[in-house]
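*Asks:* One structure coming up, written as structure tokens, with questions to follow.
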Amino acid sequence: MDTEGGNEVGIGDANYLEFGSSVIAGNATGDFVPYIPAKDNGVVPATVTDFSIDPFNRGGVDPLLQVGGFEFALNTLYIQTQNDSFLNLSGYGVVSGNGFDDTSGYWEYSSQSNGFTFSAGVESGAVPVPEPSNIMLVGIGFVGLAFLGYKKRRDAA
């Protein structure tokens, strides 16, 4: 784990992820797997873009991940957990490539402090509608109904 500037720190203090050139995709599952060309021994080289972990700037990384003709552009970044022993990030973005339509996707990254466990995955699927907007729409509906009830009672009097 790094700080932006290359100084190595523990994952609890990290604000930058640097992946280098040794990323390999393995244990791939899903609908796109048949379209990803494997190299020797089923190994698929992948490129992951280094990026800042910034809780105030949840902006994107384009592309975050490139593997087998596919790219994943990260649009939002969320810090799920960050402490001295565990880092878990997630976000939503778009999977594109190999002649397929752009598809909304979910990305998750986790790492443990001992440095031996690293996993990241991209999963396509519908991006959920944020709850605050649903609650606001219901609230506006109730305000409208209350206004109509008030107007109806006022006109009847």
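The values are calculated or read from the model by the stated rules, or taken from the named source; none is laboratory data. Model, not experiment: these values are computed from the prediction. Counting neighbours? That spans all protein chains shown, and the Cβs are built from the backbone with ideal geometry, glycine included.
*Asks:* Please find, among V44, V94, the residue that is modelled with pLDDT of 85 or more, out of contact with any helix residue (DSSP H, G or I) (no Cβ under 7 Å at 6 or more places or on another chain) and over 18 Å from E18 (Cβ atoms).
*Replies:* Details: V44 fails: modelled with pLDDT of 85 or more.
Within the list V44, V94, the selection yields V94.
*Asks:* Which ones in the range 66-94 are over 11 Å from the mean Cα position of the chain (by Cα) and in contact (Cβ under 8 Å) with a residue 40 or more places away in the chain?
*Replies:* Passing the criteria: V67, G68, Q82, N83, D84, S85, F86, L87.
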